[in-house]
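Visitor: Pasting in a structure now, in structure tokens, and then I'll have a few things to ask.
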Amino acid sequence: MSWGTELWDQFENLDKHTQWGIDFLERYGKFVKERLEIEQNYAKQLRNLVKKYCPKRSKEEEPRFTSCTSFYTILSELNDYAGQREVVAEEMGNRVYGELMRYSQDLKAERKHHLQEGRKAQQYLDQCWKQMENSKRKFERECREAEKAQSTYERLDNDINATKSDVEKAKAQLYLRTHTADESKNEYAAQLQNFNSEQWKHFNNAIPHIFKNLQDMDERRTVKLGETYRNFAEAERRVIPIVSKCLDGMVSAAKAVDERRDSSIVVESFKSGFEPPGDFPFEDFSQNISKNGPEATISNTPKGERERDVGPGSRSDPKHPMSRTKNKLWLFGKKPKAPSLEDFSHLPPEQRRKKLQQKIDELGKELQKETDQRDALNKMKDVYEKNPQMGDPNSLQPKISETMSNIQKLRSEIHRNESWLSEVEGKQSSRSDRRHSADNHQTPHGRESPEGSYTDDTSQEHHTPLHHPSPAHPNHDPHEFDDEFDDDDPLPVIGHCKAMYSFDGKDEGTLMMAENEVLYIIEEDKGDGWTRARKQSGEEGYIPTSYIEITIEKHSKGAVTYI
């Protein structure tokens, strides 16, 4: 089907159709642009999501649980997936949208050229038709004038009253008009022949050629649309293998989750190395009850002597298992973080051992690096000494001295950490011996501190009071406060308070505070009007409950859960 032969008289409709084709192409280009913008925004949002949930700590501080590492792997794969969405957007922008816009401009220019040629051909044909029409009207007019001249001549020639000169004039006019009519006839015939020739060329050559070009242009536009449709899909298809790898990576990360491994990591991370508390011995409080009469009576032993006789029964014995385990039974409680020490003595034994071993390994790596640098500097110095033109060997001496100093410091640091490590390992082995002794219900020679160290000196043992002392009672035992606060493990912070009034804290066991000062609550008021608190400096004591505004917190500040 050819537009030139089938649509020879539909120039205006072809003009509208080709314009519609270009408009449709540009509309599709707009659709592609909006689609790639969606892909770009989607990729951007995915990357922001990954960034939001990526760990902000160093890899050394990150948990080693398989569930965590798998999640971070999924985040990494999702980030790669976002990159593929950006590739899709880039492909659509370059191979589809950009190509469509360039082709649209070329198409507009080509259409304009073909339509101009068609209008020029039509204008030329119209011009030939006008010339032919003008010659036709002229021929018609001259013929009428010749007919009038002939009628006048015949009337005068038949009129007997007409003079000879009038007849001659009429005859001459007739001749002139007839000659002019003949010339007009010849001109009209020539113009008619020329118009017919041009009209044939117009409808058989010019218009078919122009319309054929328009048809080719429109068909190429259709082909181009088909190609861009395919490229639109191929932009997505090309990333499918990589997207599949990303999804496979996510699935592999999911399969890598190992609950047993995570459980062992929890043990490794939080294992303190402490032994569980032993059985509590039976404490016989009936020693002073007289068994002579049928009715039990309490002996008349003086109170002071009775207390001495009773011994560990009336007061917490530092070697008593209850005293040892008072601060060990925080299975589900909170324990405030102790300040980090260089020897990690604030940590439980197992954690301390791990930290010391890790520190020794790190120092070993640094020592190896410094040693390699020293050897390299010595070799360079030897080269300079043998070849002075290459450099001054004395220029390396400051660097060599600095390296040797660093090596000495590192060796000293390693030795110190190894000593601490040997101490921890030795105490762990001795602790198992003490545990065996406690299982045989023998009195332990020392007590285990929450930090994992043992104190064999009984003078360092602390007593636990049986009740909360009230600073308002003048006859209280001052050592009860000392015993309460000398516990190796500080009580967990359960809240905080703000002092509404100042308190001098002159009595033994009380704590001085200033107005508006903020303190940590470590023990609530038991009904005696006193609350146990701790300052930020670590000092502890009792303060009047009515002097403070208390806030009990679910998660205490600085507290650590030991499992």
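Visitor: Just to check your reading of the model, which residue among Leu46, Leu36 is at pLDDT 95 or above, of a type outside the set (D, E, K, R), assigned by the TED database to the domain that holds Ala109 and surrounded by 16 or more Cβ atoms within 10 Å (Cβ to Cβ)?
Guide: None of the other options fit; the residue is Leu46.
Visitor: I would also like to ask the following. If the requirement is being basic (Lys, Arg) and open to solvent by less than 60 Å² (accessible area, probe 1.4 Å), which of these qualifies: Lys185, Lys224, Lys164?
Guide: Going through Lys185, Lys224, Lys164 in turn, the sole match is Lys224.
Results for (1) charged (D, E, K, R); (2) in the same structural domain as Gly226 (by the TED database); (3) outside any helix (DSSP H, G or I); (4) open to solvent by 90 Å² or more (accessible area, probe 1.4 Å), shown as yes or no for each residue.
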| site | (1), (2), (3), (4) |
| --- | --- |
| Ile74 | no, yes, no, no |
| Val87 | no, yes, no, no |
| Gln122 | no, yes, no, no |
| Glu133 | yes, yes, no, no |
| Arg141 | yes, yes, no, yes |
| Glu145 | yes, yes, no, no |
| Gln150 | no, yes, no, no |
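Visitor: Assigned to a helix (DSSP H, G or I), at pLDDT below 95, under 25 Å from the mean Cα position of the chain (by Cα) and among the acidic types (Asp, Glu), is that true of Glu99?
Guide: Spelling it out, it is not the case that Glu99 is assigned to a helix (DSSP H, G or I), at pLDDT below 95, under 25 Å from the mean Cα position of the chain (by Cα) and among the acidic types (Asp, Glu).
Visitor: Considering (1) open to solvent by 40 Å² or more (accessible area, probe 1.4 Å); (2) closer than 28 Å to Lys120 by Cα, say which one Phe195 fails and leave the rest.
Guide: Looking at each condition in turn, Phe195 falls short on (1).
Visitor: Among the polar types (S, T, N, Q) and either exposed (fewer than 15 other Cβ atoms within 10 Å of the Cβ) or part of a loop (DSSP other than H, G, I, E, B) (or both): is that true of Gln19 in this structure?
Guide: yes
Visitor: Let me ask something else. State yes or no: is Lys255 without any contact (Cβ under 8 Å) to a residue 12 or more places away in the chain and open to solvent by 90 Å² or more (accessible area, probe 1.4 Å)?
Guide: yes
The values are calculated or read from the model by the stated rules, or taken from the named source; none is laboratory data. A quick note: this is a predicted structure, and the numbers were derived from the prediction, not measured. Note: ideal-geometry Cβ built from the backbone for every residue, glycine included; neighbour counts use all protein chains shown. Ligands, DNA and RNA are stripped out before the accessible areas are found, and what is left, the full protein with its side chains, is counted by its heavy atoms. Shrake-Rupley method; radii C 1.70, N 1.55, O 1.52, S 1.80 Å.
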